[in-house]
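Could you have a look at this structure, given as structure tokens, before my questions?
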Amino acid sequence: MTVRPLVILPDAQLRLVSEPVTEITNEIRTLAADMVETMYDAPGVGLAAVQIGVLKRVVTIDASKDETARNPTVYLNPEIVWSSEEKRVYDEGCLSIPDYYGEVERPDRVRVRYMNLDGQIVEQEADGLLATCLQHEIDHLNGVLFIDHLSKLKRDRVLKKFTKAAKRDAA
Ligand code: K2U
Ligand code: ZN
């Protein structure tokens with residue numbers, strides 16, 4: 001397993017739509033293992049494959065509160081099949097937009113359908129941090145970032161800050 005470098009805003013890759021996984025190959029299994037390693041190293045609660053530069057619909061999440069017992073879940077081709085009417089606001093962050101946080105309102109509970117690494121189709125109902133993270137990660141697979149749920153003013157400010165930093169780092 002390898003810790004892979006993170007793709008950071010304003011990298012255009014973050015705006016691309018990721019491709020479905022059509023076959024569970026050793027390459028997919030290695031990708032998932034590297035994502036889990038990278039997620040814990042960050043540290044993060046979740047990670048989408050695009051955040052390490054791979055445009056495949058693969059997500060890893062470990063929203064368990066007990067940091068000593070690692071329990072990651074690998075989601076292949078995850079999709080939200082039901083969302084609650086009730087909403088919840090969470091102060092979100094993103095490993096691709098380091099050290100920036102903003103309040104995002106999302107459905108409080110969701111039901112997600114995905115394929116696991118054994119090729120089985122699974123449905124899972126989630127609430128709390130897991131529900132927020134699932135929606136955040138599936139947004140990533142569609143080229144959507146949590147700043148897109150903020151005001152244009154805040155989004156433009158963040159984009160300007162990270163674009164300036166990227167130019168400075170390139171010089
Ligand atoms: O996709 C990512 O960038 C990892 C995200 C996952 C996440 C976003 C919002 C809310 C919960 C999870 C985070 O950077 S992981 C770090 C984290 C953990 C809890 C709350 C905020 C950020
Ligand atoms: Zn993110």
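Ignoring ligands, DNA and RNA, please state the percent of accessible area on the chain from carbon and sulfur, probe 1.4 Å. Intermediate values should be presented prior to the final figure.
Values: 4660 of 9400 Å².
Taking all protein chains in place, the chain shows 50 percent carbon and sulfur surface.
Kindly provide the trypsin sites (Lys or Arg not before Pro) of region 130-160 that DSSP labels as loop, not H, G, I, E or B, and whose Cβ sees at most 11 other Cβ atoms within 10 Å. Kindly include the intermediate steps, with their values, before the conclusion.
Values: sites: Lys152, Lys154, Arg155, Arg157, Lys160; in loops: none.
When the trypsin sites (Lys or Arg not before Pro) of region 130-160 are filtered for loop state and at most 11 Cβ neighbours within 10 Å, nothing remains.
Moving to a separate point now. Hey, which aspartates and glutamates would be in cross-link range of Lys161, C-alpha to C-alpha under 14 Å, not counting anything within fewer than 8 residues on its own chain?
Asp11, Asp99, Asp169
Can you show me the helix-derived [θ] at 222 nm for the chain, built from DSSP H runs with n ≥ 4 at -39,500 (n - 2.57) apiece and divided by the number of residues, rounded to the nearest 500.
On the way: 3 runs with 49 residues, N = 171.
For the chain, the value works out to -9500 deg cm²/dmol.
Still on this structure: Quick one: net charge around Glu27, please, counting Lys, Arg +1 and Asp, Glu -1 for every other residue with C-beta under 15 Å from its C-beta. If you can, show how the numbers build up before the last one.
Working: positive: Arg4, Arg29, Lys56, Arg57; negative: Glu19, Glu23, Asp34.
Spelling it out: positives minus negatives among the neighbours equals +1.
Label-point separation (nm) for Asp11 and Asn116, each offset 7 Å from Cα along Cα-to-Cβ?
Once both label points are built, they end up 3.0 nm from each other.
Need one number: nm distance between label points at Thr25 and Asp66, each 7 Å from Cα along Cα→Cβ, rounded to one decimal.
According to this spin-label approximation, the distance is 3.7 nm.
Right, something else. Sort 118-130, 23-35 by packing, meaning the average of other beta carbons within 10 Å per residue, with the highest value first. Show your work: numbers first, answer last.
Details: 118-130: 12.9, 23-35: 15.2.
By packing density, highest mean first, the sequence is 23-35, 118-130.
Next question, about the same structure. Just list whichever of Lys87/Lys154; Lys65/Lys164; Lys56/Lys167; Lys87/Lys167; Lys65/Lys167; Lys87/Lys164 have alpha carbons separated by over 31 Å in the model shown. Provide the component values of the computation, followed by the final result.
Values: Lys87/Lys154 21 Å; Lys65/Lys164 36 Å; Lys56/Lys167 28 Å; Lys87/Lys167 38 Å; Lys65/Lys167 38 Å; Lys87/Lys164 35 Å.
Exceeds cut-off: Lys65/Lys164; Lys87/Lys167; Lys65/Lys167; Lys87/Lys164.
Using the Cβ atoms and a cut-off under 14 Å, what net charge is assigned to the surroundings of Asp169, where Lys and Arg are +1 and Asp and Glu are -1?
Details: positive: Lys161, Lys164, Lys167, Arg168; negative: Asp11.
With Lys, Arg at +1 and Asp, Glu at -1, the neighbours total +3.
Just to be sure I understand the model, the point goes 7 Å from the Cα along the line to the Cβ. What's the resulting Asp99 to Thr2 distance in nm?
2.8
Moving on to the next point. Please compute one quarter of the surface area of the Cα convex hull for the chain and express it in square nanometres. Spell out each step's value before the answer.
Numbers: hull surface 40.7 nm².
So the Cα hull casts an average projection of 10.2 nm².
What are the trypsin sites (Lys or Arg not before Pro) within region 41-130 that DSSP puts in a loop, where the Cβ has at most 16 other Cβ atoms within 10 Å?
Values: sites: Lys56, Arg57, Lys65, Arg70, Lys87, Arg88, Arg109, Arg111, Arg113; in loops: Arg57, Lys65, Arg70.
Loop-located and lightly packed - Lys65, Arg70.
While we're here: Per residue, how many Å² of accessible area does the chain show with a 1.4 Å probe? It would help to have the intermediate numbers written out before the result.
Details: 9400 Å² over 171 residues.
Here the per-residue accessible area is 55 Å².
The values are calculated or read from the model by the stated rules, or taken from the named source; none is laboratory data. Small disclaimer: the values here were computed from a predicted structure and weren't measured. Positions of Cβ are generated from backbone atoms using ideal geometry, with glycine treated the same way; all protein chains shown enter the neighbour counts. Accessible surface areas use protein heavy atoms only, side chains included; no ligands, DNA or RNA. Shrake-Rupley method; radii C 1.70, N 1.55, O 1.52, S 1.80 Å.
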